[in-house]
């Protein structure tokens, strides 16, 4: 997939700040520091459009990136960071609930998990949230370059079982470093935007 025009559009905390819902949206959800920004950068072949940080919990707003005139990537605040106050966590939870339950042009949620580790309770809760609100979702397992290929099957099975998925095919191994899974991710996104996702 060759993408030429991508721009950071806006950081939003409430529906009043969201862009007009004129094109579809694909949301990226995952725990802090799991690699959502790196995923976006790898997908669009840019090094620094989506801001990455070594400081977990830094993304505290919905960051909108417009891809061509085709769709928005929406990077949502990372969850599960212990040093964030309960009050701040509550604000984030309300922001995400409002976004995921009300945004009419949200076509797909990508649940970003770390391939190296068993999904967390927060990952499970996020997946259950998508199911509850009937939001199509797909699991992107990042940082596959950190795991030996001989161990992949074991890690895939652990993610599949922990998230209680219907099929292991709902998981896409991905590496922002090697671009493993990039073309497959574009196929998923294209299918969704063309109405062919099941």
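What to note about this one:
- The one condition in (1) free of Cβ contacts under 8 Å to residues at least 40 places away in the same chain; (2) within 18 Å of residue 36 (Cα to Cα) that residue 173 fails to fulfil: (1)
- Qualifying residue in segment 106-115 (condition: in a loop (DSSP other than H, G, I, E, B) and either out of contact with any strand residue (DSSP E or B) (no Cβ under 6 Å at 6 or more places or on another chain) or within 24 Å of residue 171 (Cβ to Cβ) (or both)): yes
- Between 22, 49, the distinction of being within 17 Å of residue 193 (Cβ to Cβ) and either in a loop (DSSP other than H, G, I, E, B) or at pLDDT below 90 (or both) belongs to 22 only.
- Scanning segment 6-19 for residues that are touching a helix residue (DSSP H, G or I) at 6+ places or on another chain (Cβ under 7 Å) and outside any strand (DSSP E or B), we see that the one that is nearest to residue 101 (Cα to Cα) is 15.
- In segment 30-46, the residues that are part of a helix (DSSP H, G or I) and at pLDDT 90 or above: 36, 38, 39, 40, 41, 42, 43, 44
- Residue count for segment 137-166, restricted to those that are part of a loop (DSSP other than H, G, I, E, B), in contact with a helix residue (DSSP H, G or I) (Cβ under 7 Å, 6 or more places away or on another chain) and closer than 30 Å to residue 195 by Cα: 1
- Some residue of segment 147-155 being under 24 Å from residue 63 (Cβ atoms), surrounded by 14 or more Cβ atoms within 10 Å (Cβ to Cβ), in contact (Cβ under 8 Å) with a residue 40 or more places away in the chain and touching a strand residue (DSSP E or B) at 6+ places or on another chain (Cβ under 9 Å): no
The values are calculated or read from the model by the stated rules, or taken from the named source; none is laboratory data. Note that this is a predicted model, so its numbers are computed, not measured. When we count neighbours, we look across all protein chains shown, and the Cβ atoms used for this are built from the backbone with ideal geometry, even at glycine.
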